[in-house]
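Reading through the structure tokens given below for one structure.
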Amino acid sequence: MKRLIFIMIVMLAIVNIGFSKKSLTGLGIYGNLVSSGSGNLGGGAGLTLKFGNFPVLGVEWFLAQKYSRIAASCDYWVVNEHLTGALDYYLGIGGFVGIGTSGENSAIDLGGRIPIGLQIWPVKNFEIFTEFAPLVSFLPSLELSFSLRLGFRIHF
């Protein structure tokens, strides 16, 4: 557990240093309805941080006594366009990494993702989104899967 907390602190420090010159444009939460958007070691819910079109980060966690895991996704939105009315869409490319512990055993999950999302803006600066993302896992083995997320962001 101490190792997992240390890894979380290091990941947050890297994100803070790496993106300190970019301003946070959106903050929210999401839930994974199908699979996990951060590979097999992701959690059911997460925090989303948006810094313009890059990076769009997702951090998922599951902390239990016998099994803990934390995962992150980082995306670049190649397209983020208006459709009609209060509806926008985005298409991106990104990756994910997950770290899990189970007693003496630990696992690492690493892969790529292609997020395709719809955004609804019911009021100014408040976004409700749904995202479908095909996933390609490279570690621990080559595997294809997909995820479906639903969440919201508040924009600044």
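Just so you know, all these numbers are worked out from the coordinates, no wet-lab data involved. Owing to the predicted nature of the structure, the values given are computational and were not obtained by experimental measurement.
Any chance you could run the full-extension gain for Ile108 through Tyr89? It's 0.36 nm times the residue separation minus the Cα-Cα distance, nm to one decimal. Mind dumping the intermediate values first?
On the way: separation 19, 0.36 × 19 = 6.84 nm, distance 3.14 nm.
Extra length from Ile108 to Tyr89 when fully extended: 3.7 nm.
Note the per residue figure in Å³ for the convex hull of the C-alpha positions in the stretch 94-156. It would help to have the intermediate numbers written out before the result.
On the way: hull volume 6.6 nm³, N = 63.
Taking the convex hull of the Cα positions in the stretch 94-156, it is 105 Å³ per residue.
Can you give the Rg to Rh ratio of the stretch 52-156, both from alpha-carbon atoms, with Rh computed by the Kirkwood formula?
1.04
For Leu24 and Phe156 in the same chain, what is the full-extension length gain: residue separation times 0.36 nm, less their Cα-Cα distance, in nm?
On the way: separation 132, 0.36 × 132 = 47.52 nm, distance 0.78 nm.
Using 0.36 nm per residue and subtracting the Cα-Cα distance, I get 46.7 nm.
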